[in-house]
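First the structure, in the form of structure tokens, and then the observations on it.
The values are calculated or read from the model by the stated rules, or taken from the named source; none is laboratory data. Since this is a predicted model, take the numbers as computed values, not measurements. Positions of Cβ are generated from backbone atoms using ideal geometry, with glycine treated the same way; all protein chains shown enter the neighbour counts. Accessible surface areas use protein heavy atoms only, side chains included; no ligands, DNA or RNA. Shrake-Rupley method; radii C 1.70, N 1.55, O 1.52, S 1.80 Å.
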Amino acid sequence: NITAVVLDKTGTVTEGKPVITDRFYQCSDDLINNTNLIIEAIESHSEHPLARAIAQGVVSNPSESELPAVEPLRVEDFKSHPGLGVSALVDGEPWYLGNEAWMNKQGVDCAELKQVSSRCSEEAKSLVYVATQAGLVALFAVADPVKQDSASAISELQGAGLKVILLSGDNRSTAEAI
């Protein structure tokens, strides 16, 4: 009597291990490593899968492995804003990490990266913007790779006459691309 199957995207259709696929910085090259250290320090306070991917991804940048060990950054007033992103103070400076709606709430103009963000969204990538009160600092595109056998499994279910529904907390364009 089953007519439909609802599949959770993360970990069922996809690997459940998001990774950074693209990085776009709005700061000078000499500030990228320091920016990555700040981003890693902030995101390490979050339990969100995208935050974990970014925290791990920014420190795995090969150029950063050549950096001398530094004292851990002090992250204060870390706050999670569900459905939007996070905020924190690093050395007294406010930092914001999250989606475009979160950036808009902070008065951050994301127009400069609109073309890039649109392309990444069409490629099923989730976007995480990074900003300070001075403006946009970086944009990370994060993707959760689709499992190799997902397409064939879904085809089999559809071939059996079942309606297959994808359940996702991602934005609509990312879910549709998957």
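Restricting to segment 22-43, count the residues that are outside any helix (DSSP H, G or I) and in contact (Cβ under 8 Å) with a residue 12 or more places away in the chain.
Residues flagged as outside any helix (DSSP H, G or I) and in contact (Cβ under 8 Å) with a residue 12 or more places away in the chain within segment 22-43 amount to 6.
Kindly indicate the residue of segment 121-155 that is farther than 25 Å from TRP95 by Cβ and among the β-branched types (Val, Ile, Thr) and also most open to solvent (accessible area, probe 1.4 Å) among those meeting that condition.
VAL146
Please specify each residue of segment 120-178 satisfying the condition of being among the hydrophobic types (A, V, I, L, M, F, W, C) and outside any strand (DSSP E or B).
CYS120, ALA124, ALA134, ALA151, ALA153, ILE154, LEU157, ALA160, LEU162, ALA175, ALA177, ILE178
Identify, please: which residue in segment 86-120 is touching a residue at least 40 places away in the same chain (Cβ under 8 Å) and open to solvent by less than 20 Å² (accessible area, probe 1.4 Å) and is, among those, nearest to GLY57 (Cα to Cα)?
Filtering segment 86-120 for residues that are touching a residue at least 40 places away in the same chain (Cβ under 8 Å) and open to solvent by less than 20 Å² (accessible area, probe 1.4 Å), the one nearest to GLY57 (Cα to Cα) comes out as LEU97.
Within segment 1-17, how many residues are buried (at least 17 other Cβ atoms within 10 Å of the Cβ) and aliphatic (A, V, I, L, M)?
Total satisfying the criteria: 1.
Give the residue, chosen from ALA131, ALA124, that is at pLDDT 90 or above and within 28 Å of GLY16 (Cα to Cα).
Just one listed residue meets the conditions, ALA131.
Contact list please: Cβ distance under 7 Å, first residue in segment 146-174 and free of Cβ contacts under 8 Å to residues at least 24 places away in the same chain, second residue open to solvent by less than 60 Å² (accessible area, probe 1.4 Å) and not in a helix (DSSP H, G or I), pairs at least six apart or on different chains.
Sorted first by the residue in segment 146-174, then by its partner, the pairs are GLN158/VAL164.
Going through segment 18-51 one residue at a time, which ones are open to solvent by 40 Å² or more (accessible area, probe 1.4 Å), under 30 Å from ALA151 (Cα atoms) and modelled with pLDDT of 90 or more?
VAL19, THR21, ARG23, listed by residue number.
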